[in-house]
Amino acid sequence: MQETVAPVDRAVLVGTEIYGKPGLLPVEDSLDELAQLARTAGVEVVGRAVQRLRRIYPATYIGPGKVEEIKALVRAMNANMVIFDDELSPSQQRNLENAFGDEVRVLDRTALILDIFAQHAHTREGALQVELAQYEYRLPRLTRRWQSLA
């Protein structure tokens, strides 16, 4: 009998620094913390990208050049996940998923933390509370996802 091993998610982490808006932690320290969260979720961190911005790009949070750079890094490192240190809007997440392709999952810190809670919920009540929180988080991100089924 052959034993199958579940594939490990491989992620590229993305952090930003916005000029004139200091964060609570320097971006590298914040990415170190995000890497620890990813490992807790069972994700292997295979790369990092940092962008220093004057402003947030409404469509993708980061600039188009950085999107292409991360896309190349994802391919080079055979990653199947990109995790952003900052919270993404539903439209930003959707646009990034379209840019990176169907095989790459895009998460932000909040989604990652919810995934960790889901993995570690031991009681039925705890699991249901986490599942409800995940649904509430994901609902705005489902807009226009099912148009092809109509």
Q. For the pair Y57 and I113, how long in nm is the line joining their label points, each one 7 Å along Cα→Cβ?
A. 2.6
Q | Vicinal HN-Hα couplings computed from phi for the range 43-55 (Karplus, 6.51 cos²θ - 1.76 cosθ + 1.60; Hz; Gly/Pro x) | A | 9, 8, 7, 10, x, 9, 9, 10, 10, 9, 10, 7, 8
Q. When Lys and Arg each count +1 and Asp and Glu each count -1, what net charge do the other residues less than 14 Å away from V27, Cβ to Cβ, add up to?
A. -2
Q. Given a cut-off of under 8 Å on Cα pairs at least six residues apart, what relative contact order in percent is computed for the range 10-109?
A. 35
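Throughout, read-outs are computed from the coordinates displayed, never taken from laboratory work. Keep in mind that what you see is a predicted model, and the values were worked out from it rather than measured. Please note: Cβ atoms are built from the backbone with ideal geometry, for glycine as well, and neighbour counts cover all protein chains shown.
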